[in-house]
Amino acid sequence: QVQLVESGGGWVQPGGSLKLSCAASGRTFRNYGMGWFRQAPGKERESVAAISSSGTVTYYSDSVKGRFTISRDNAKPTVYLQMNSLKPEDTAVYYCGATQLSMATRETSYDYWGQGTQVTVSS
């Protein structure tokens, strides 16, 4: 079993940056694909980024490509989401998830979830 705890959310002005962290428990972290999702008020949860268990393959949604970077440190074990050039439409609760697949982008493929961290982008 994997337990996930997100941190790093907060308020930032448009154009600013934030770095989210997701600390995982469990010795088998390196076997799990990891992903970041977000859910804005009144909207469904959507995939933002994903990274393979090895860390060699990444995926980004079109809305964040070129602005966000997902990475992982299997020794810590933690997965990160560096968010640059933030826009008001990035405002949402951000969740990290772990999948027993080497990599996945669909929400239904994920087995474990963190509690979420709020990101608010406004002036």
On the accessible surface of region 33-74, probed at 1.4 Å with all protein chains in place, carbon and sulfur together account for a percent value of 46 percent
Place a +1 charge on the Cβ of each Lys and Arg in the chain and a -1 charge on the Cβ of each Asp and Glu, then give the dipole magnitude about the Cα centre in debye, rounded to the nearest 20.
240 debye
Can you tell me which of Trp113, Trp36, Trp11 moves the most in a GNM of the chain? Springs connect C-alpha atoms under 10 Å apart.
Trp11
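Test of understanding: what is the full-extension gain from Arg27 to Asn84, defined as 0.36 nm times their sequence separation minus their Cα-Cα distance? Kindly include the intermediate steps, with their values, before the conclusion.
Details: separation 57, 0.36 × 57 = 20.52 nm, distance 3.10 nm.
Length difference between fully extended and current span is 17.4 nm.
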In the chain, if the dipole is taken from +1 on Lys/Arg beta carbons and -1 on Asp/Glu beta carbons about the Cα centre, which of Ser63, Ser109, Met34 is farthest to the positive end?
Met34
Plugging the Cβ-Cβ distance of Ser109 and Gln13 into 1/(1 + (r/R0)^6) at R0 = 41 Å yields, to the nearest 0.05, a FRET efficiency of 0.75
Name the most mobile residue of Thr91, Thr69, Thr108, meaning the one with the largest mean-square fluctuation, in a Gaussian network model of the chain with Cα contacts below 10 Å.
Thr108
Ignoring everything but the protein chains, give the 1.4 Å probe accessible area of Val93 in square angstrom, nearest 10.
40 Å²
Expressed in nanometres to one decimal, the distance between label points 7 Å along Cα→Cβ at Glu46 and Asp73 is 3.1 nm
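The values are calculated or read from the model by the stated rules, or taken from the named source; none is laboratory data. Quick caveat, the model's predicted, so the values are computed rather than measured. Positions of Cβ are generated from backbone atoms using ideal geometry, with glycine treated the same way; all protein chains shown enter the neighbour counts. The area values use the complete protein model at the heavy-atom level, side chains included, leaving out ligands, DNA and RNA. Shrake-Rupley method; radii C 1.70, N 1.55, O 1.52, S 1.80 Å.
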